[in-house]
1. Can you go through Val97, Val122 and tell me which one is farther than 17 Å from Ser71 by Cβ and in contact with an Asp or Glu (Cβ under 7 Å, 6 or more places away or on another chain)?
2. From the list Phe197, Phe189, Phe216, Phe150, pick out the single residue that is of a type outside the set (Lys, Arg), crowded, with 16+ Cβ neighbours inside 10 Å and touching a Leu at 6+ places or on another chain (Cβ under 6 Å).
3. State all residues of region 232-253 that are within 21 Å of Ser148 (Cβ to Cβ) and either surrounded by fewer than 18 Cβ atoms within 10 Å (Cβ to Cβ) or among the aliphatic types (A, V, I, L, M) (or both); if no residue qualifies, say none.
4. Please work out which one of (1) farther than 18 Å from Asp102 by Cβ; (2) buried (at least 19 other Cβ atoms within 10 Å of the Cβ); (3) of a type in the set (Phe, Trp, Tyr) is the condition Phe113 fails and give its number.
5. Read through the list (1) closer than 30 Å to Val199 by Cβ; (2) out of contact with any helix residue (DSSP H, G or I) (no Cβ under 7 Å at 6 or more places or on another chain), then give the number of the only condition that Gly19 fails.
6. Return the residue satisfying two criteria in turn: it lies in region 34-56 and is closer than 22 Å to Thr242 by Cβ and either in a loop (DSSP other than H, G, I, E, B) or among the hydroxyl-bearing types (Ser, Thr, Tyr) (or both), and of such residues it is nearest to the chain's Cα centre (by Cα).
7. Output the residues belonging to region 120-142 that are within 14 Å of Asp102 (Cβ to Cβ), more than 13 Å from the chain's Cα centre (by Cα) and either polar (S, T, N, Q) or surrounded by 20 or more Cβ atoms within 10 Å (Cβ to Cβ) (or both).
8. Looking at (1) under 14 Å from the mean Cα position of the chain (by Cα); (2) modelled with pLDDT of 95 or more, which one does Pro67 not meet, given that it meets all the others?
Amino acid sequence: MTRSFDDLVTEAASVSVAGWDFSWLEGRATEQRPSWGYQRLLGDRLATVESALDIQTGGGEVLAGVPALPSRTVATESWPPNIAKAAALLAPRGVAVVEDSDEPPLPFGDNGFDLVSSRHPVTVWWDEIARVLRPGGHYLSQQVGPASVFELVEYFLGPQPAQVRGKRHPDEARAGAERAGLEVTDLRFEKLRTEFFDVGAVIYFLRKVIWMVPGFTVAAHLPRLRELHQQLQDGPFVATTTRFLIEARKPRG
């Protein structure tokens, strides 16, 4: 039986959105994954280094899922609910979780880490990444690309200008890394399919990924949510997710 609009809204508006685990959406939304397998790549890199820093670790879920960690592994996070969740997941594995404002400077000395990683960072401070990397060290990151899930963004906000749709382009990431003195050794980009099957999944997603529709609330967007609920009776809401992988190296000399 199809669930009512009010039932779906009440549930999705009250469930916790702490952490960076999207398992609540299982069966309610799907997102195609990039072909490169970021967590596997991260695990491969971590197995070969003595020290690592994971920036904007979220709830620590990605780092916690890696089989082996170097003896010195540190993670940073700014959002208090995520800090608590990350500490609970990562402390048993010897990882120090450090509260950080996500603004320069990083609370670490120069040349301190063999590997710096970050999955879906909101901001990337390339000069700071270069500073804390040891000579010969690497930065590995999977990032959200331009106009990702903008079919959903524009459903609520209307058409966005070209300068907004073009933000977070992988070419900008390459330029930022190179300006900081890093050598980009890998850069890949993919467009992927995302589907939402009910209005509750959309509400949960927008409550969790707060920069998609800034200030999103059910009350503010109730008419469009009702329209979307009706639209979803005929099939999923389809959007395009964009992702890119970037790896960069700090020169030895």
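The values are calculated or read from the model by the stated rules, or taken from the named source; none is laboratory data. Treat the numbers as computed from the prediction; the structure is a model and nothing was measured. In this analysis, Cβ positions are derived from the backbone assuming ideal geometry, glycine residues included, and neighbour counts consider all displayed protein chains.
1. Val122
2. On the way: Phe197 fails: touching a Leu at 6+ places or on another chain (Cβ under 6 Å); Phe189 fails: touching a Leu at 6+ places or on another chain (Cβ under 6 Å); Phe150 fails: touching a Leu at 6+ places or on another chain (Cβ under 6 Å).
None of the others qualify; the one that does is Phe216.
3. Leu232, Pro236, Val238, Ala239, Thr240, Leu245, Ile246
4. With (1) farther than 18 Å from Asp102 by Cβ; (2) buried (at least 19 other Cβ atoms within 10 Å of the Cβ); (3) of a type in the set (Phe, Trp, Tyr) applied to Phe113, the lone miss is (1).
5. Gly19 satisfies every listed condition except (2).
6. Of all residues in region 34-56, those closer than 22 Å to Thr242 by Cβ come to 34-42, 55-56.
The next check asks that each one be either in a loop (DSSP other than H, G, I, E, B) or among the hydroxyl-bearing types (Ser, Thr, Tyr) (or both); those that pass are 34-38, 55-56.
On the way: Pro34: 13, Ser35: 16, Trp36: 16, Gly37: 14, Tyr38: 11, Ile55: 11, Gln56: 9 Å.
Among those that are closer than 22 Å to Thr242 by Cβ and either in a loop (DSSP other than H, G, I, E, B) or among the hydroxyl-bearing types (Ser, Thr, Tyr) (or both), it is Gln56.
7. If the condition is that a residue be within 14 Å of Asp102 (Cβ to Cβ), more than 13 Å from the chain's Cα centre (by Cα) and either polar (S, T, N, Q) or surrounded by 20 or more Cβ atoms within 10 Å (Cβ to Cβ) (or both), then Ile129 is the only one that fits.
8. (1)
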